Amino acid sequence: MSEFAAQILKNTPIWVWAILAVLIYLGSKQLKPRVVKRYSVLIAPVVFLIVGLTAAGRGPVGLAAWAASLISIAAVTFFVWQPTNGARYEANGDRLHVPGSVVPMLLMLTIFLLNYVINVVLAIHPAFRGELAWQVGPALIFGALSGVFNGRAATLFRMNRTSPSAVAA
């Protein structure tokens, strides 16, 4: 490992690694089929919405780009893609039977890694904060990832209003 990379990893606060461990744990739980309360599918997307908002908050242009990306990707995910992949709604207990999926883990780890890399780059080159590309580019990516997360959660959450079976994926 290069000295540069070793310094970055060495100077990363311990709480960052704790967050990574929690994300890996939560993501691994979603690899297996499970039964969850319908409202619980909204927790992770709301958390990552806040993470995306704080990461995109590097200026009004970045915030606008993040919001536009999030809304458009969430709408496409919700209205067009409708990723339920075999999930079933159970009216008795207001629960969802959700099959295992690698998608939530990939989304969480991608958001984490992107946030980590961007913050490392900005710590090394603070002047980038003022550049339009560094305000808009990451904001668009964070918005798109949060949009997929939120669109998927909204699709699962609305299952009680459509039919007891899965919406076509």
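The values are calculated or read from the model by the stated rules, or taken from the named source; none is laboratory data. Only a predicted model underlies this, so the values are computations on that prediction, with no experimental measurement involved. Methodologically, a virtual Cβ is constructed for each residue, glycine included, from the backbone with ideal geometry; neighbour enumeration extends over all protein chains shown. Note: accessible area is taken over every heavy atom of the protein model, side chains too, but ligands, DNA and RNA are not part of it. Shrake-Rupley method; radii C 1.70, N 1.55, O 1.52, S 1.80 Å.
Just one of (1) surrounded by fewer than 11 Cβ atoms within 10 Å (Cβ to Cβ); (2) under 30 Å from G130 (Cα atoms) trips up V80, so point out which. So V80 meets the others, but not (2). G100 falls short of the stated requirement of being at positive phi and surrounded by fewer than 18 Cβ atoms within 10 Å (Cβ to Cβ). The set of residues in the stretch 58-94 being outside any helix (DSSP H, G or I) and of a type in the set (S, T, Y) consists of T84, Y89. Figure legend. Inter-residue proximity from the stretch 45-56: first residues within 9 Å of S146 (Cβ to Cβ), second residues β-branched (V, I, T) and at pLDDT 85 or above, beta-carbon distance below 6 Å, spacing 6+ or different chains. Indicated pairs: F48/I111. Being among the charged types (D, E, K, R) and out of contact with any strand residue (DSSP E or B) (no Cβ under 8 Å at 6 or more places or on another chain) is the filter; apply it to the stretch 1-57 and report the residue that is farthest from L122 (Cα to Cα). Here the answer is K32.
Taking residues in the stretch 21-42 that are closer than 13 Å to N160 by Cβ and of a type in the set (F, W, Y), and partners anywhere that are open to solvent by less than 60 Å² (accessible area, probe 1.4 Å) and part of a helix (DSSP H, G or I), the pairs with Cβ atoms closer than 9 Å and at least 6 places apart or on different chains are Y39/F157. Annotation: A65 fulfils all but one of (1) under 26 Å from V16 (Cβ atoms); (2) small (G, A, S); (3) in contact with a strand residue (DSSP E or B) (Cβ under 8 Å, 6 or more places away or on another chain); the unmet one is (3).
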